[in-house]
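First the structure, in the form of structure tokens, and then the observations on it.
Only the coordinates and a few stated rules stand behind these numbers; no lab work does. Keep in mind that this is a model prediction, so the values were computed, not measured. Neighbour counts run over all protein chains shown; Cβ positions are idealised from the backbone, glycine included.
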Amino acid sequence: MEVLFYVIPVIMIAGVSVMAVKTIARSRQISGAWNHGLTAEARCLRSYTTTSGGAGDTSVSTTLHHVYEFTTREGRTVRFDELNGPSTVIEGDIVTVHYLPDHPERATAHPPARGKLAVGTGCMLVFFGVFVAFCLVFMAMAHVMFAESDGLMP
């Protein structure tokens, strides 16, 4: 029983660590496309929303998606789906996309906003750090509790 107070927080820390790595990787991809990438005109093929939550007392969260298609300078046609684009872009609109030549499928239609990207990434990393700290404190308190009770729960 005592092991659950250590194993579950470690699994949660591992999951948050993976999410932090993915957050940093996506931030670097977008920044690289803005700073060192090429641009192309893309057509918005479709926009749609997905919802999550809404069960019981939880609030509903809506995410806007856009599907874009563009042709690289080498003539390759690329289609990609991007989250949280501007709500003013509708099907048929032409937008500028930024992409790296070696990975055009990782393109972004978000206009360069380096400060916004840095703040968003920083806030996510702070949240992940607080979550990990909470797990570590929980494990330390569980250790103290079990040490004082000789392994018996009160």
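Scan Ser31, Ser61, Ser52 and give me the residue that is under 29 Å from Ala133 (Cβ atoms) and surrounded by 14 or more Cβ atoms within 10 Å (Cβ to Cβ). Don't jump to the end; show me each part of the working.
Values: Ser61 fails: surrounded by 14 or more Cβ atoms within 10 Å (Cβ to Cβ); Ser52 fails: surrounded by 14 or more Cβ atoms within 10 Å (Cβ to Cβ).
Answer to the selection: Ser31.
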Thr121 passes all but one of the listed conditions (1) within 24 Å of Ala20 (Cβ to Cβ); (2) hydroxyl-bearing (Ser, Thr, Tyr); (3) without any contact (Cβ under 8 Å) to a residue 24 or more places away in the chain; the exception is number (3)
Any residue in segment 98-106 that is surrounded by 15 or more Cβ atoms within 10 Å (Cβ to Cβ), touching a residue at least 40 places away in the same chain (Cβ under 8 Å) and either among the aromatic types (Phe, Trp, Tyr) or in contact with an Asp or Glu (Cβ under 6 Å, 6 or more places away or on another chain) (or both)?
-> yes
How many residues, within segment 42-92, are of a type outside the set (S, T, N, Q) and either in contact (Cβ under 8 Å) with a residue 60 or more places away in the chain or not in a loop (DSSP other than H, G, I, E, B) (or both)?
-> 21
